[in-house]
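Asks: So that we are looking at the same thing, I have put the structure below in structure tokens.
The values are calculated or read from the model by the stated rules, or taken from the named source; none is laboratory data. Keep in mind the model is a prediction, meaning the values are calculated, not measured. Note that we place each Cβ from the backbone using ideal geometry, even for glycine, and neighbour counts take in every protein chain shown.
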Amino acid sequence: MSFLTETLAWLVDPANWVGAGGIPTRLAQHLLFTLVTLLVAALIAVPTGFLIGHTGRGRGLAVALSGAFRAIPTLGLLTLVALWVGIGLNAPYVALTVLAIPPILAGAYTGFEAIDRKIIDAARAVGMSEAQIVLKVELPLGLPLLIGGLRSATLQVVATATLAAYIANFGLGRYLFEGLRIRDYGEMLGGSILVILLAIVLEGVFALVQKLVVPRGVTAGLPIDIRDGSSRSRPVMESTIEEGNSHVHSE
Amino acid sequence: MFTANRGRLTLIGVVAVGAVVALAGCASGDPLAEPSSSAGGSTIVVGSQAYYSNEIIAEIYSQALEAGGFTVDRQFQIGQREVYLPDIEAGKIDVFPEYTGSLLQALDKAAVGGTSDATYAELQTALPDDLRVLDQADASDQNSWTVTADFASKYDLTDIASLTNVTEPITVGGNSELETRPYGPTALKDKYGISIAGFVPVEDSGGPLTVKALVDGDIQLANIYTADPNIKTNNLVALSDPDGLFFPDNVVPVVSQKIDDSAAAILNKVSAALTADTLVDLNAQSKNDQLSADKIATAWLTKAKLI
Amino acid sequence: MTWIWSNLDLIWDRTFDHLILSVPSIILSFLIALPFGWLAHRYRASRAVILTTVGVLYAIPSLPLFIVLPFIVGTSIRSPLNLIIALTLYGVALMVRVVADGLGSVDRDVQQSATAVGFSGWTSFWQVELPLAGPVLLAGLRVVAVSTVSLATVGAVIGAQSLGSLFTDGFQRGIQAEIIAGILATVLLALALDAVLVLIGRLLMPWTRRSAIGVVARPGAVARQEVTT
């Protein structure tokens, strides 16, 4: 396959590693954009998710909304917002934040829901205030699922942020569009490989964070664990899409 | 409970598999997939770029051919030249509206260009044997270096070379491929000594975003197609190009062997009527009045007494 | 918004193109994910390999995959088949993990009971494990459906007709209504396919309706599994 050698040639070409269009710059842009998007999305989604998870109210609405949010095509939102606000990163920020909200929101409220209600009742019984319950009980116990949600959101944003280059001189996606237009498959594939590597590295970081911050003994989010500690019912198939999931890749 | 469901499961399984097969068959049999070379010799496949103005011209060709008794299979909006050129070369598309200079450069990187006629002649030799171009139209939709009228009067800009008068940093905007094209920012630097501060890719082929960026002052110099009605609406100035930095891009139909003399005559009549102002006007109907390509085409062909 | 009313036929055509791309992809990803998910569930060694592979698969940005695939499979770059294959790959990437987790969520006691009453491995899979994993699989398939519909729009960038074509065309011409129509149609199509899946689920698994609280498949597990993927 000639494009594999082309890709390798592109990746090792020192000319591609320097300057404003160089790989380090684009990689840094991509990473920064991903982090800012996640931060904004988390600022919106985490408190909302905690509120829903803590009170148990508004869940149906949140589920329906995040289902619909998830169906919104990022390319459409990106072009629409771009027509409103013009060139630059504003439109990509808006479009990608919308993409990142559903998984984080779901992670936040399912995290709370997965907690055995008896534990909450016990916390209340020993005289904890609602704020203490949220911060000292629900937050640490719900953390694995919240981090899981952030992890999904990260993967989606990293892959989908490539579309931002459709309207801005920005990030690793630039290699994809440039390569497409000038039929340089080495550049296009090289850019894709960089995106994949970035995603894998961030996955590793999340795995590490999860290990470090999740209190010992909290198992709610571990993949093998299927104990059903929650006493709150969770119908699976009769509501709109709700799973806290997942890498919905809606570029 | 499960045995009771067995029949039902099997049934739904069969239905699901059937649906896959049907849809897959549907997909590969879809006329959009592969041109219907097997569907009889009388159907003419007309293609268009994923560019609204090109689609209007393709629609005009299609309606004119239909009025002449031909059956037309429309395969519009099929991407950029990189995507569709192999299909034209393979004879899967019979008629495609093209632009002389851009097509020539895509076929022959060493092309010399020049006047509109010279470019047309060079294109004829550059085309593969089974393809030919019919008459070129007066209408052209070529690349230009465009600035706002204010910017032009501030620095007394008339042609591309006069950009050296500019004392503020110039940021250039256009499709991402522009950066490496022979008339791109590098050429401005090397050929004219114009200092370029940066390049901002805007992937709308000189569309609303590029215009907005230019008007807002985010960029000072933009690659906008000369047939874009925005030039008039937004009071922009396309700098003249006496040195032929850009190849002339007259509208021309590229056709396959399938196009006989009578079909060619129809298309030549269309090209003869397609003036530069006409194209700008047709584009304005699409952008400003938001009309669809088929309505614009019908109205113009009727007015020009071509159908 | 007058654009929408005068272009309803165009929107309808693009919706049909979109269906041609997404429905086969959704069904194929389910069918392909079943054996791989089973392998990942059944054997520890294959689990790591398969799940890592699908994880990486999912990190591939869609745009280059759409472009490179024709060279690998040998289809025409404009063929909808490319997109269908690419969308199927993403669907499989999502679905394999769900299948593995869904099968894993089936109670061990139930499996042993099935063996005890004389089911072979094969019949036990089809008649016991698969139906019991059904709600989890359905939930996963619904996500696949919505994401596939949404993702199919990206093909417009390389000239594959879909509702995404309304984005690229509307963007060039500066017609916001066209883009809005495309977004609405995409969301509606996603929700419609989702509703169809729910309906199929009710037909296939009538028992989940009576006791949706999580009979054997432990619905709580779904959310958690997927969040942590």
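Asks: Select from the stretch C:1-26 the residues that are buried (at least 20 other Cβ atoms within 10 Å of the Cβ) and polar (S, T, N, Q) and list them in ascending order.
Replies: Once the filter is applied, which keeps residues that are buried (at least 20 other Cβ atoms within 10 Å of the Cβ) and polar (S, T, N, Q), the stretch C:1-26 yields C:7, C:22, C:25.
Asks: Separate question: Tell me which residues, restricted to the stretch C:47-94, are touching a residue at least 12 places away in the same chain (Cβ under 8 Å), of a type in the set (Ser, Thr, Tyr) and farther than 17 Å from residue B:83 by Cβ.
Replies: C:58, C:88, C:90
Asks: Would a scan of the stretch A:143-150 turn up a residue that is in contact with a Pro (Cβ under 7 Å, 6 or more places away or on another chain), buried (at least 19 other Cβ atoms within 10 Å of the Cβ) and in a helix (DSSP H, G or I)?
Replies: yes
Asks: How many residues are crowded, with 21+ Cβ neighbours inside 10 Å and assigned to a helix (DSSP H, G or I) if we restrict to the stretch C:39-64?
Replies: 8
Asks: Suppose we filter the stretch C:110-124 for residues that are more than 18 Å from residue C:35 (Cβ to Cβ) and small (Gly, Ala, Ser); how many remain?
Replies: Count: 4.
Asks: Scan the stretch C:187-205 and give yes if some residue there is without any contact (Cβ under 8 Å) to a residue 60 or more places away in the chain, over 17 Å from the mean Cα position of the chain (by Cα) and either farther than 22 Å from residue C:8 by Cβ or surrounded by 22 or more Cβ atoms within 10 Å (Cβ to Cβ) (or both), otherwise no.
Replies: Taking every residue of the stretch C:187-205 in turn, at least one turns out to be without any contact (Cβ under 8 Å) to a residue 60 or more places away in the chain, over 17 Å from the mean Cα position of the chain (by Cα) and either farther than 22 Å from residue C:8 by Cβ or surrounded by 22 or more Cβ atoms within 10 Å (Cβ to Cβ) (or both).
Asks: Being more than 8 Å from every other protein chain (Cβ to nearest Cβ), within 21 Å of residue A:19 (Cα to Cα) and touching a residue at least 24 places away in the same chain (Cβ under 8 Å), is that true of even one residue in the stretch A:143-152?
Replies: No, there is no match, as no residue in the stretch A:143-152 is more than 8 Å from every other protein chain (Cβ to nearest Cβ), within 21 Å of residue A:19 (Cα to Cα) and touching a residue at least 24 places away in the same chain (Cβ under 8 Å).
Asks: Here's something else I'd like to know. Return the residue satisfying two criteria in turn: it lies in the stretch A:72-91 and is among the small types (Gly, Ala, Ser) and surrounded by fewer than 22 Cβ atoms within 10 Å (Cβ to Cβ), and of such residues it is farthest from residue C:177 (Cα to Cα).
Replies: If we take residues in the stretch A:72-91 being among the small types (Gly, Ala, Ser) and surrounded by fewer than 22 Cβ atoms within 10 Å (Cβ to Cβ), then A:88 is farthest from residue C:177 (Cα to Cα).
Asks: Now for a separate question. Just one of (1) modelled with pLDDT of 85 or more; (2) surrounded by fewer than 24 Cβ atoms within 10 Å (Cβ to Cβ); (3) in contact with a helix residue (DSSP H, G or I) (Cβ under 7 Å, 6 or more places away or on another chain) trips up residue A:129, so point out which.
Replies: The number of the failed condition is (3).
Asks: Closer than 19 Å to residue B:201 by Cα, free of Cβ contacts under 8 Å to residues at least 12 places away in the same chain and not aromatic (Phe, Trp, Tyr): which single residue out of A:88, A:21, A:76, A:58 fits that description?
Replies: A:76 is the lone residue from the list that is closer than 19 Å to residue B:201 by Cα, free of Cβ contacts under 8 Å to residues at least 12 places away in the same chain and not aromatic (Phe, Trp, Tyr).
Asks: Then there's this: Within the group A:62, A:15, which residue is assigned to a helix (DSSP H, G or I), farther than 18 Å from residue A:159 by Cβ and within 14 Å of chain C (Cβ to nearest Cβ)?
Replies: Just one listed residue meets the conditions, A:62.
Asks: Looking only at the stretch C:1-18, count how many residues are assigned to a helix (DSSP H, G or I), at the interface with chain B (Cβ under 8 Å from one of its Cβ atoms) and either under 15 Å from residue C:146 (Cα atoms) or of a type outside the set (Val, Ile, Thr) (or both).
Replies: Within the stretch C:1-18, residues that are assigned to a helix (DSSP H, G or I), at the interface with chain B (Cβ under 8 Å from one of its Cβ atoms) and either under 15 Å from residue C:146 (Cα atoms) or of a type outside the set (Val, Ile, Thr) (or both) number 4.
Asks: Another question, if that's okay. Of the conditions (1) more than 14 Å from every other protein chain (Cβ to nearest Cβ); (2) among the small types (Gly, Ala, Ser); (3) in contact (Cβ under 8 Å) with a residue 60 or more places away in the chain, residue B:118 fails just one. Which one is it?
Replies: All conditions pass for residue B:118, except number (3).
Asks: Go through the residues of the stretch A:174-182 one by one and say whether even a single one is more than 14 Å from chain B (Cβ to nearest Cβ) and either touching a helix residue (DSSP H, G or I) at 6+ places or on another chain (Cβ under 7 Å) or assigned to a loop (DSSP other than H, G, I, E, B) (or both).
Replies: no
Asks: Let me confirm something: among C:67, C:72, which residue is within 9 Å of chain A (Cβ to nearest Cβ), surrounded by fewer than 24 Cβ atoms within 10 Å (Cβ to Cβ), out of contact with any Asp or Glu (no Cβ under 7 Å at 6 or more places or on another chain) and of a type outside the set (Phe, Trp, Tyr)?
Replies: C:72
Asks: Exactly one condition in (1) buried (at least 22 other Cβ atoms within 10 Å of the Cβ); (2) of a type in the set (D, E, K, R); (3) modelled with pLDDT of 95 or more is not met by residue B:212; state its number.
Replies: Going through the list (1) buried (at least 22 other Cβ atoms within 10 Å of the Cβ); (2) of a type in the set (D, E, K, R); (3) modelled with pLDDT of 95 or more, residue B:212 breaks only (3).
Asks: If you check residue B:209 against the conditions, is it touching a residue at least 24 places away in the same chain (Cβ under 8 Å) and either aliphatic (A, V, I, L, M) or under 30 Å from residue A:163 (Cα atoms) (or both)?
Replies: No: the conditions fail for residue B:209.
Asks: Further, regarding this structure: Being of a type outside the set (Asp, Glu), modelled with pLDDT of 50 or more and within 14 Å of the chain's Cα centre (by Cα) narrows it down to one of A:218, A:158, so name that one.
Replies: Residue meeting the stated conditions: A:158.
Asks: Hey, can you tell me all the residues within the stretch C:133-179 that are at the interface with chain B (Cβ under 9 Å from one of its Cβ atoms) and hydrophobic (A, V, I, L, M, F, W, C)?
Replies: C:156, C:157, C:158, C:160, C:171, C:175, C:177 - these are the residues of the stretch C:133-179 that are at the interface with chain B (Cβ under 9 Å from one of its Cβ atoms) and hydrophobic (A, V, I, L, M, F, W, C).
Asks: Mind listing just one residue for me: the one in the stretch B:161-206 that is among the aromatic types (Phe, Trp, Tyr) and not in a loop (DSSP other than H, G, I, E, B) and, of those, farthest from the chain's Cα centre (by Cα)?
Replies: The selected residue is B:192.
Each row is one residue, and each column tells you yes or no for (1) surrounded by 22 or more Cβ atoms within 10 Å (Cβ to Cβ); (2) under 17 Å from residue B:183 (Cα atoms); (3) among the acidic types (Asp, Glu); (4) more than 20 Å from the chain's Cα centre (by Cα).
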| position | (1), (2), (3), (4) |
| --- | --- |
| B:208 | yes, no, no, no |
| B:220 | no, yes, no, yes |
| B:223 | yes, yes, no, no |
| B:243 | no, yes, yes, yes |
| B:250 | yes, no, no, no |
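Asks: How many residues are crowded, with 21+ Cβ neighbours inside 10 Å and not in a loop (DSSP other than H, G, I, E, B) if we restrict to the stretch C:174-184?
Replies: Residues flagged as crowded, with 21+ Cβ neighbours inside 10 Å and not in a loop (DSSP other than H, G, I, E, B) within the stretch C:174-184 amount to 5.
Asks: For residue B:227, work out the one condition from (1) among the hydrophobic types (A, V, I, L, M, F, W, C); (2) in the same structural domain as residue B:92 (by TED's automatic domain parsing); (3) outside any helix (DSSP H, G or I) it doesn't fulfil.
Replies: Just one mismatch for residue B:227, condition (2).
Asks: Go through the stretch C:127-160 residue by residue and tally those that are more than 21 Å from the chain's Cα centre (by Cα) and part of a helix (DSSP H, G or I).
Replies: Final tally of qualifying residues: 4.
Asks: Quick one: residue A:139 ticks every box in (1) within 27 Å of residue C:154 (Cα to Cα); (2) in a helix (DSSP H, G or I) except a single one, so which number is it?
Replies: All conditions are met except number (1).
Asks: Ok, one more. Would you mind stating whether residue A:10 is in a helix (DSSP H, G or I) and closer than 23 Å to residue C:183 by Cβ?
Replies: So residue A:10 does not fit the description; no.
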